[in-house]
1. Please list 280-289, 153-162, 701-710 highest first by mean number of surrounding beta-carbon atoms within 10 Å per residue.
2. Quick check on the range 710-775: take the gyration tensor over C-alpha atoms, sort the square-rooted eigenvalues as a ≥ b ≥ c, and tell me if it's rounded (a/c under 1.5), prolate or oblate.
3. Order 734-742, 335-343, 713-721 from most to least packed using the mean count of other Cβ atoms within 10 Å.
4. List every residue whose amide H lies under 5 Å from the amide H of V314, counting only residues 5 or more places away in sequence or on a different chain, with H placed 1.01 Å from N in the peptide plane.
5. Using the alpha-carbon centroid of each, what span in Å lies between the range 272-303 and the range 513-550?
6. What's the local net charge at L756, with K and R +1, D and E -1, over the other residues with C-beta under 14 Å away?
7. Taking only protein heavy atoms into account and a 1.4 Å probe, give the accessible area per residue of the range 642-707 in Å².
8. Can you list residues whose amide H is under 5 Å from V164's amide H, if they're 5+ apart or on another chain and H is modeled 1.01 Å from N?
Amino acid sequence: CDTFARAVPEVELRSVSTMTGSQVPRLQGSFAALTERVQEQLREGRAMLLYAATSREADNLCRDLVSSGITASRLTRRTMPAPGTVSVGVGTLSSGFELPAARLTVLTGCKTGAPKRPRHISAKAERNMFGSLEDLHPGDYVVHSTHGIGQYQGIQRIDHHGMVKDYIKIAYRGNDVLYLPVTQLNMVSPYMSVQDGAVPKVAKLYSGEWQRTRQTVYRSVREMAKELIALYARRQRAEGIAFPPDDDWQRDFETRFIYEETDDQLRAAAEIKKDMEKPRPMDRLLCGDVGVGKTEVAMRAAFKCVNNSCQCAVLVPTTILAWQHYMSFMERMEPYPVKVAMLSRFTTPKQMKQALAGIRSGEVDIVVGTHRLLQKDVEFKRLGLLVVDEEQRFGVAHKEKLKEKFSGVDVLTLSATPIPRTLNMAMSGIRAMSVIQQAPEDRLPISTYVMEFDLATVDSAIQRELSRGGQVYYLHNRVDSIERVAAGIKERFPEAAVEVAHGRMSEEQLSGVWRRMTAGETDILVCTTIIETGVDIANANTLIIEDSDRLGLAQLYQIRGRVGRSSRRAYAYFTFRGGMELTEVAQKRLSAIRDFTSLGSGFKIAMRDLQIRGAGSVLSARQSGHMAAVGYETYLQILEQAIADETGAPQPEKPRECVIDLAESAYIPEGYIRDPGTRISMYKRIAAVESEQDAAEVTGELEDRFGPVPDAARALLEVALARCTAMKLGIYEITCQDRTLLFYIDRPDPLAVAGLVKRSPRKIMFSPRGKSYISASLLPRENPSAGALEVTRDLLEATGGAGASLPEQQGQPLP
């Protein structure tokens, strides 16, 4: 009862009684299964208490239950559901339970009947995940789409006659300064280049040199565009397997996932399955941090493959990872007639022979294996999908074998930190890419320390982890001295169970080590980099690495991902020898691993690796120089434009930016969002609003994370949405003078304005001469931001939703 009281704060326990109860597993089925369970319990006269993960999910669940004919209501404070009724609350328990004496059933993990739809993310927004504005510091370089490269100098709040607004301050050459409204933050991206440490040439405002630089780069990338078009043409001619759309089995498989999918997971799965349904072979990179759910997305693709009478191969770099994936696939596929096999060092000769025969005959549906899968004796009856995990661990020779052995097969590549060449190809559009950035709700960033090796600090970290019942990884990457290091640790911690793991051990030895580590029998594992792709152990949350300066950046990041895989705070210590001068590259790597500790940093690590190591053979030295001149994001935009021009693809006309200056405070107060990085991230989200749905999603996220939205932040959202709507109409400026809104418009449509006059209670005037504008009076007690949004909405409706695309009407008098 005490645990229940902590988990369910809405309920006040006035007394404690002892009664018999039984556990009810978390719901894994469909909404239909939930309603069936609820109706059955209600017929028995029980009270039902259902828990959903979020307030919005609880509201939707309550609504869907009522639509299904079940009387349900939201759980209110200090009440419990009466027998024969259903209450819906917000919370998460490890499992549900039944109390027969109280005639009460509690279910957790409840979901709505409507399928969750992933939030659409544009290609530009996806690229921006690799260079996020929340990581900016004053002094960093940024690129404004119109004005070019400048130096970011922070957010500046300006109070003009009592109206408070936030602006992004950007310094340009010659003491020029640009104050950019936060509602236009989508026009700015961080400056990134493949030349690490390159200092870009800062532009001069209104000089025209930025446009000249863009033209120079454009002429250069036209040749690359021709090569890419030829590559696309070859890919289009290749023949693959066109899988059919999802059926009931596929939907049933996906609803059995016991956790709440993130938007990113759903979107990535949808993109992959859409590619699989096309007649040409898929070649898609799935990029996501350690532990964000890439494997589940791959499993959905694998099930789609085997559900349509094809086989799936999962290629992994190590035997440890093969064993982990084999167990995961076995557990997930268990309710279905799907046979999973494994090919690795852990497979006995007899098992190997049976697996090879099953693969050849088609009896084996999914095979998980190491490089053993690439050997000639592995013959598939009908291979439909190849999943390559940890792509960066495979060399060029292995990848060439893949191309030869599995031509015409759909290929899905998984990576947390793709190698620079792969990342550059994906970002350039040569390879399709899906991104999973959202982490599970209860995941905490790993506290990371980069320091000289100090025995007292290391022992203190180990002791703190052991005292809270956790386990420790101690990485010593030299096999010849690892036993001596383990003996020293055992001497200092005699009560701890210390074991060793390295690549020269046999499969039987390693299997035993991992089994004991997983069971919690080992307290400290002294190991080499063999743990880079090891078994997930939620209780291991302290990592200590000796000589971390000798490891690669992506490798360091992968190893750090071995800890922090639960809701408990994790710690990582990257040490180097005292008195030793680090190389420049080592300093950059350790600086990056220290800076990028937030969830989703794998993309940023990959981008930093791209900068440190270069873009490989994809770019020539000349192209790298052009990229440095305009930044990575702008370079890719220009490349996309060149490809479109070469193919003659029609390009949508880019609407003119709309500047809104209203006499109203519009900003996010520091007291509402205290973290500066999070605040600028939300400013970016608000600036990217393109529809009513986007605005509703941002509002919902603000309410869920930070509470009721303040008036100033709500005004900011209204301004952002009004700006987006205005751009569709050709309105390029909105101002407010004496309770009158002025909308300056490029291509006025007098008939649409006439429609606005008919439907609006405001005083509307239209001036077609000179600088054409529409004026609209504010209603009593109406804020300018709300008025601007309402007028632009009405005007868009008056145009039939087509906006500025309507032909201009000349000489039409207003009524």
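1. 280-289, 701-710, 153-162
2. Here the range 710-775 falls in the prolate category.
3. Result, highest mean Cβ count within 10 Å first: 713-721, 335-343, 734-742.
4. Correct list: V367, V368, G369, V387.
5. About 28 Å separates the Cα centre of the range 272-303 from the one of the range 513-550.
6. Net charge around L756: +1.
7. For the range 642-707, the solvent-accessible area averages 52 Å² per residue.
8. S665, A666
The values are calculated or read from the model by the stated rules, or taken from the named source; none is laboratory data. It should be emphasised that the depicted structure is a prediction, and the values quoted were computed from it without experimental measurement. Note that we place each Cβ from the backbone using ideal geometry, even for glycine, and neighbour counts take in every protein chain shown. Accessible surface areas use protein heavy atoms only, side chains included; no ligands, DNA or RNA. Shrake-Rupley method; radii C 1.70, N 1.55, O 1.52, S 1.80 Å.
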